Amino acid sequence: MLSITDEIIEMSEVETWTLPDRETSMPYFMVHCLWSVVNHSGFFVFEKEEPMTTSVPQNTVREWTSDEYAPSKEDKFSFGLWTVGNRGRDPFGEYVRPLFAPVYIVKKLSELGAWGVNLHDNDLVPFDATPTQRDRLVREFKQALSDYGMVVPMATTNLFSHPVFKDGAFTSNDPAVRAFALQKTMRAIDLGAELGATIYVLWGGREGSETDAGKDPVTAVKRMREAIDFLCHYVKEQGYQMRFALEPKPNEPRSDLYLPTIGHMLGFIYTLDAPEMVGLNPEVAHELMVGLNFVHGVAQALEAGKLFHIDLNDQKAPRYDQDFRFGSENLKSMFFLVKLLEEKGYSGPRHFDAHAHRTEDEQGVWDFARGCMRTYNMFKQKVRRFHTDPEIQALLKEIHSGDQTYGGLLGGYTSERAGRLKEATIDIDTRAKRGLHYEKLDQLTIELLLGAR
Ligand code: NOJ
Ligand code: MG
Ligand code: MG
């Protein structure tokens, strides 16, 4: 396995590009600091320690037609710096794409019609940046946000790349590591607040184990609680308008992660000091990895008022976390997901936590990003059609009708209802024989999705 030193050497071979619309007016330096970004595989990538021009090839956005599916700021689409910035490294292979500077990503995403950009602390500020370097990077990033009309709706902390976190951050057995994790997260929260983020994601990428011999899983949950309670108090004390969104994942990069699914996380939230400040950031791939119905999980989070954020992508389940382009695999369930979000009035960011296939060059990255947004909008259009399709709506009406005779006895307990229900003679034979027409409805849905209606 490569060491960080190896990575630095390797990165010194990365191409340097120029930023066409700025190079004459403002020579743009990636400065005298170690520039780090986080590759999806969870490794630090260090840029060489010398001035270089920011990377911006010209005319990289292919002219797709501006049709009704073209994304716009009103759609509230966001991407993480680590998503379009993913360079394609995986456990078996090295980088296939160049490093994109954060300000370049902001520009490109804005041109594509995205509204927001999210980040881990070290996607923008290198792990070992000095305060002066940090301030300059943040200042330049804020300028880019303002220049390109982009917002930072969500921020998060990288608590998984550095070797110090190899046995977790908040759940580490080592108090010094737990203390460092809190320190790093508080500083990252300050950064998020400075950039205007109102959602703070906590993904416990290394909060887990390979063996239960060395870590007590009960203590792990208690440590998670202690850390999140601490951070909630910190946010309150600072007066930040910020809520936490916990992101569950069943495994990867650890063999098993604590609080692995939406359901586990929901139960945990209600044990916290300030449950009103804490909700969920469910990710499509994370639930599909273990064969769960993502739509049902998100529905439960929504119903509980806990869907603070969402990570949209896709996955061939069950296997490693693929983070595929949104809607590229599970067309029907992603349609039902969009239907759920739109029908139930989810008003938060539509965040794509995905990345381009490793086969792609830079153009493929922007094709990927545009594809995520267009597919969401196409599903949204299909939802509208579903609502206006006369045959589908008539069928739904029939399906939802049922026998109303006993409806008055439902809707909450009273002694009178209980008594009457116990005495009632319900015609179960008729009910049991009734066909529900879900086959037809499902087929009509498929026909609608495939463009046959
Ligand atoms: C990287 C993980 O792959 C992703 O699922 C998570 O949402 C972000 N980090 C935020 O922590
Ligand atoms: Mg995610
Ligand atoms: Mg993922």
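The values are calculated or read from the model by the stated rules, or taken from the named source; none is laboratory data. All values reported here derive from a predicted model rather than from experimental measurement. Please note: Cβ atoms are built from the backbone with ideal geometry, for glycine as well, and neighbour counts cover all protein chains shown. These area figures cover heavy atoms from the full protein model, side chains too; ligands, DNA and RNA do not enter into them. Shrake-Rupley method; radii C 1.70, N 1.55, O 1.52, S 1.80 Å.
Here are the numbers for this structure:
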item	result
Condition broken by L292, with the remaining ones in (1) under 22 Å from V151 (Cβ atoms); (2) aliphatic (A, V, I, L, M); (3) open to solvent by 50 Å² or more (accessible area, probe 1.4 Å) satisfied	(1)
Per-region count, segment 228-257, residues under 21 Å from L312 (Cβ atoms), in contact with a Phe, Trp or Tyr (Cβ under 7 Å, 6 or more places away or on another chain) and away from ligand 3 (no atom under 12 Å from the Cβ)	3
Only one of E329, E276 that is away from ligand 3 (no atom under 12 Å from the Cβ), part of a helix (DSSP H, G or I) and of a type in the set (D, E)	E276
V152 vs. criteria open to solvent by 10 Å² or more (accessible area, probe 1.4 Å), of a type outside the set (F, W, Y) and away from ligand 3 (no atom under 16 Å from the Cβ)	no
Within segment 305-317, tally of residues that are open to solvent by less than 10 Å² (accessible area, probe 1.4 Å) and either without any contact (Cβ under 8 Å) to a residue 24 or more places away in the chain or within 13 Å of ligand 3 (Cβ to nearest atom) (or both)	6
Pairs, first assigned to a loop (DSSP other than H, G, I, E, B) in segment 115-137, second within 16 Å of ligand 1 (Cβ to nearest atom) and at pLDDT below 95, C-beta under 7 Å, six or more apart	P126/S36; F127/S36; F127/F44
Residue match in segment 191-210 (condition: within 14 Å of ligand 1 (Cβ to nearest atom), without any contact (Cβ under 8 Å) to a residue 60 or more places away in the chain, over 24 Å from V125 (Cα atoms) and buried (at least 22 other Cβ atoms within 10 Å of the Cβ))	yes
Residue match in segment 376-397 (condition: small (G, A, S) and surrounded by fewer than 18 Cβ atoms within 10 Å (Cβ to Cβ))	yes
Search result, residues across segment 318-329 that are away from ligand 1 (no atom under 14 Å from the Cβ) and open to solvent by less than 50 Å² (accessible area, probe 1.4 Å)	G327, S328
Test: residue in segment 216-235 that is surrounded by fewer than 19 Cβ atoms within 10 Å (Cβ to Cβ), under 28 Å from V138 (Cβ atoms), touching a residue at least 24 places away in the same chain (Cβ under 8 Å) and aromatic (F, W, Y)	yes
Contacts under 8 angstrom Cβ, first residue in segment 162-185 being outside the structural domain of V218 (by TED's automatic domain parsing), partner among the aromatic types (F, W, Y) and in a loop (DSSP other than H, G, I, E, B), 6 or more apart	none
Which listed residue is more than 22 Å from the chain's Cα centre (by Cα), away from ligand 1 (no atom under 16 Å from the Cβ), of a type outside the set (A, V, I, L, M) and under 28 Å from F79 (Cα atoms), from K236, K215	K236
Any chance N251 is under 22 Å from T375 (Cα atoms) and open to solvent by 20 Å² or more (accessible area, probe 1.4 Å)	no
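Matching residues to (1) without any contact (Cβ under 8 Å) to a residue 40 or more places away in the chain; (2) basic (K, R); (3) away from ligand 1 (no atom under 16 Å from the Cβ); (4) part of a loop (DSSP other than H, G, I, E, B):
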residue	(1), (2), (3), (4)
M265	yes, no, no, no
L272	no, no, yes, yes
V295	no, no, yes, no
K339	no, yes, yes, no
A356	no, no, no, yes
W366	no, no, yes, no
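The rows are residues; the columns are (1) modelled with pLDDT under 95; (2) within 16 Å of ligand 3 (Cβ to nearest atom); (3) surrounded by 14 or more Cβ atoms within 10 Å (Cβ to Cβ).
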| site | (1), (2), (3) |
| --- | --- |
| E47 | yes, no, yes |
| P51 | yes, no, no |
| S55 | yes, no, yes |
| Y95 | no, no, yes |
| K108 | no, no, yes |
| V117 | no, no, yes |
| D123 | no, yes, yes |
| R136 | no, no, yes |
